[in-house]
Structure formats: structure tokens, C-alpha cells
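Only the coordinates and a few stated rules stand behind these numbers; no lab work does. Quick caveat: nothing in here was measured; it's all calculated off a predicted structure. Using ideal geometry, Cβ is built from the backbone for each residue, glycine included, and neighbour counts are taken over all protein chains shown.
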Amino acid sequence: MYRVIVLLLIIFTVSGAFADSKMDITGILEWDTMQIMATVSLDLVSAGIKLPAGRLQGEALLSEGCLRLIQPGILGLQVDSSSTIADLIDRGEFSLPETEALALNANSLPPSLSPDMLKMTTSYTIPLSGVSSAILRHTRPMQVARTLNPVSAAQYTGIIIIASESLPIYGMKSSVLAVPCLFPKIWDSEMNLIYERNMLESRNISMVHYSPLKGIFQRNPSGLSPELQAVVGDKPLKIFASGVFGIKPTDIIIDKNDAMLIISSEENRRLLSQGKVAIILDESALKLEFFSK
């Protein structure tokens, strides 16, 4: 917890330095597009900046403030069922400089002025693929689960798990909507681990891609949205989740028979190691808005 407290103190110190300059941030975390998007605006009057002479000063102040305002959003990003990035920092599994680097590497648009010339605004985008790549540590992939009794299975181009409805929580007498994270695990109905982050063959591959239900009901031959088809191809295995697991309901349980279709052939196991997996969630779980004033 010490490391997180230090980071928060840094953020508050910087915020104090800009206390007389009103800065607002509005943003959204989109799991279906795998990015964090934020818009930050600076009140030029409160900052004592007069145009046109003070434009460069305003841009510098806006840039510095943006990076500090975005960092708390990164800290709260759900990594797996039990951890946020702040938790990883607290355990020494991730560092404060790495968190700052994620903010510094955000894609940004040039600052612009409001029509009344009273505010300066800029926008930032942070791809979640860059965040997951920074967190992954393994150099050699773990072998995907195999079976001694393989079943006959077609060769698929990807895997789609439909988990858009409320699902039973493993070991409990209640149900809940599944929620997204960077590294969800997939279990079979006998709680054998089928898929986890260390099975990825490259750090540059996203473990899963998320989509709302409408993504599999498009009016085209595959029925898939272009975004989904780019991940799972035109002949994916479509299966229904049977439950969820974890402190946060991010981990998906599938029926053992469905799991056997995946692990019974080298080609289908490779779909996991190559991240050709999509999870369909309720649309309400895919977008998280945030703001501060």
C-alpha cells in the first residue's frame, strides 16, 4: 500500500500546484474498443493566461495536468479477477515509473481553443493493448491444456464465448453479470484451467477481445461485426458460458464438452495461445465513464 500512497501524494502535490488553474477531465474506458479515451480542458482565465501571448504556456500547463489526471484512471484498471494496477504496484509486480510511462505514451490531439476563447482542450487515447503488454512478464508461453482422450473437433478460426446474461457464481447461490478485465481466466465445468495469460505466445497479443451481443448478429454471411471477424475469423467456435468465477466476476466457466472441442487438437489449442478469443458481455459492462472537477 505504501507505493500507492506515494503515487497519490505525488498526484495531489501536482494538483496543488495547479490549484488556481481549473482543469476538468471527462473520459471513458471502452472494453469493446480496448482503449481509454479522455478529454481534458483548462480554464484559461483561472490560469491567468491571456491569448495569444500565453498560448504556449497554456499548452504546457494543459499537457502536464493531463498526465496527472489520467494516472488515477490507469491505477484503477482491472487487471484480473483480484487485482487492479494499483494492487500490482502495492505488491511490487508493477512500478510507478511504468504507470507514468503508460500515460506519457498516450496518443494525443493538438490542443484547441473553445469558440469563446476561454478554454483550451486536448484529448488522449491509451490503447489497452499497450497496458497488457507492459504487465506481461513471461518469456516462454505456458503449454495450453491437453487431454489424453481427445474428441473429434472441427478446425475453427477463433473462439467466441457468449456471457451476456446473468450467470451463476461458482460456489455461491447467486448470479451476476460477467465483467471485463485485461486477463480473464477460462475454466471448464470441472474447474480445470483452460486459458490464462501465461499461455500467450507473445506479449504483444491481447488475451481476449470483448464485444456486445449485437456483434454476433450482423447482417452478413458470418453474422459477425468487422471488429470481431478480424479477431476470430469467419468460422469461430461459438459457445455459451455456464458460470463465472473470481473475486470480481471476470473469469468465465464453460462446459467441459465445449472445452474438449478446444483442447483436443493442436490447431484449436493454438487459437488460445494466439489470443483469437472473444467474450460477449452485456453492453452495460463494456463502458465505464469517469470525470473529475
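Annotation for LEU113 and ASP282: the two label points, set 7 Å from Cα along the Cα-Cβ direction, are 4.7 nm apart. For the chain, the number of Lys pairs with C-alpha atoms closer than 13 Å, counting only pairs eight or more positions apart or on separate chains, is 6.
Dipole orientation for the chain: of the candidates LEU261, LEU182, MET172, LEU261 has the Cα lying most toward the positive pole (charges on Cβ; Lys, Arg +1; Asp, Glu -1). A P(r) calculated from all alpha carbon pairs of segment 2-135, with 10 Å bins opening at zero, reads 12, 41, 31, 14, 3, 0 percent.
Ordering TYR170, TYR124 from the fewest to the most neighbouring beta carbons within 10 Å gives TYR170, TYR124.
Just to be sure I understand: with springs between alpha-carbon atoms less than 10 Å apart, which residue in PRO52, PRO127, PRO180 has the highest mean-square fluctuation in the Gaussian network model of the chain? Answer for the Gaussian network model of the chain: PRO52.
Restricting to DSSP loop positions (anything but H, G, I, E, B) with no more than 11 other Cβ atoms inside 10 Å of their own Cβ, which GluC sites (Glu not before Pro) remain in segment 93-195? Intermediate values should be presented prior to the final figure.
Working: sites: GLU93, GLU98, GLU100, GLU165, GLU190; in loops: GLU93, GLU165, GLU190.
Loop-located and lightly packed - GLU190.
Seen from all directions on average, segment 159-285 presents a Cα convex hull projection of 7.6 nm².
Tally Lys and Arg at +1 and Asp and Glu at -1 over the other residues with C-beta under 13 Å from the C-beta of LEU228: what net charge comes out? Before the final figure, lay out each step's value.
Numbers: positive: LYS214, LYS235, LYS238, LYS276; negative: ASP32, GLU227, ASP234.
Charge balance near LEU228 sits at +1.
Taking Cα centre as origin and charging only the Cβ of basic (Lys, Arg, +1) and acidic (Asp, Glu, -1) residues, the dipole magnitude of the chain rounds to 240 debye.
Placing a pseudo-label 7 Å from each Cα along the Cα-to-Cβ vector at THR147 and ASN198 gives an inter-label distance of 2.4 nm. Across segment 148-154, coupling constants 3J(HN,Hα) worked out from phi with the 6.51/-1.76/1.60 Karplus curve, θ = phi - 60°, read 7, 10, x, 10, 5, 9, 5 Hz, and Gly and Pro carry x.
Only bridges whose two residues both fall in segment 156-242 count here: according to DSSP, what percent of them are antiparallel, nearest 5? Present the calculation step by step, with values, prior to reporting the outcome.
Numbers: 4 of 8 bridges.
Percentage antiparallel, nearest 5: 50.
Work out the FRET efficiency for LEU96 and GLU266 from their Cβ-Cβ distance, taking R0 = 51 Å, and round it to the nearest 0.05. Present the calculation step by step, with values, prior to reporting the outcome.
Details: r = 42 Å, r/R0 = 0.82.
After rounding, the FRET efficiency stands at 0.75.
Across all directions, the shadow cast by the convex hull of the chain built on its C-alpha atoms averages 17.7 square nanometres. Remark: GLU64, GLU30 ranked as GLU64, GLU30, counting other beta-carbon atoms within 10 Å and listing the fewest first.
Between the residues GLY48, THR84, ALA103, the greatest Cα displacement towards the positive end of the dipole of segment 2-135, with unit charges on the Cβ of Lys, Arg, Asp and Glu, is found for GLY48.
Under 10 Å, Cα contacts only: if you run a Gaussian network model on the chain, which one of SER152, SER211, SER189 comes out with the highest mean-square fluctuation? Judging by the Gaussian network model, the answer is SER152. Proximity of backbone amide H atoms, modeled 1.01 Å from N, is registered between TYR195 and ILE186 at under 5 Å, excluding neighbours fewer than 5 places apart on the same chain.
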